[in-house]
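Here is the structure we will look at, set down as structure tokens.
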Amino acid sequence: MFLQRSAATVARRAAAASPLLRRSIATTAVRRDGVPDQPKIKTLKEIKVEADLIGPGAAPGTVPTDIEQATGLERLEILGKMEGVDVFDMRPLDASRRGTLEDPIMVRSAGDKQFAGCTGFPADSHNVKWLTMTRERPVTRCFECGGVYKMEYVGPEHSDHHYHNPHGFKEPKSLADYVKPEYWK
Ligand SMILES: [Zn+2]
């Protein structure tokens, strides 16, 4: 009995001594009374500038949903999904044939660089091999099955930043480029 009572006393003292605890409870009650009107959520058609892709946020005291807090490209994707528009074209690549150099499998890309996962032909013949394409080097070949893929750039016409390799790595054009320069002497 003595132990029980003393534990309860300690808990009461701790609560009384903690201004943080008291303040957070009181603040929540005040905010709930004065919830301001939340800005309207813009639809996909109403998105004109980058600032339109900032969500209104959640009402104070509530947990935000994705549509309330998502920002930027994530928001664009969600707004698209709500209207049945596949903003990022997430359809699988053409798997009806193996791509060749004459007739590669086309991969649309809105960016300077694009990754594509090949599983061979017929599909799932081999494990996923990730291939990289860039605007400078749009054609690539799967090192497992030989399937050829080509990136089709569909991004902004005047992209103000040209793709460049951050490490200054020079893109090899042929096998000869893999030979160290000193070996040519
Ligand atoms: Zn492959």
- prompt: Where both partners of a DSSP beta bridge lie in region 105-184, what percent of those bridges are antiparallel, to the nearest 5?
  reply: 65
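So how many Å³ per residue does the convex hull of the Cα atoms of region 105-184 work out to?
Spread over its residues, the Cα hull of region 105-184 gives 118 Å³ apiece.
Taking neighbour counts of Cβ atoms within 10 Å as a proxy for exposure, in what order, fewest first, do K40, K129 appear?
Ranked by crowding around the Cβ, least crowded first: K40, K129.
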Members of K150/K180; K150/K173; K81/K129; K45/K150; K42/K81 lying beyond 25 Å, as alpha-carbon distances in this model show: K150/K180; K81/K129; K45/K150
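Read-outs throughout are calculated quantities, based only on the coordinates presented, and are distinct from any laboratory measurement. On a predicted model such as this, the values are computed, not experimentally measured, just so you know. Neighbour counts run over all protein chains shown; Cβ positions are idealised from the backbone, glycine included.
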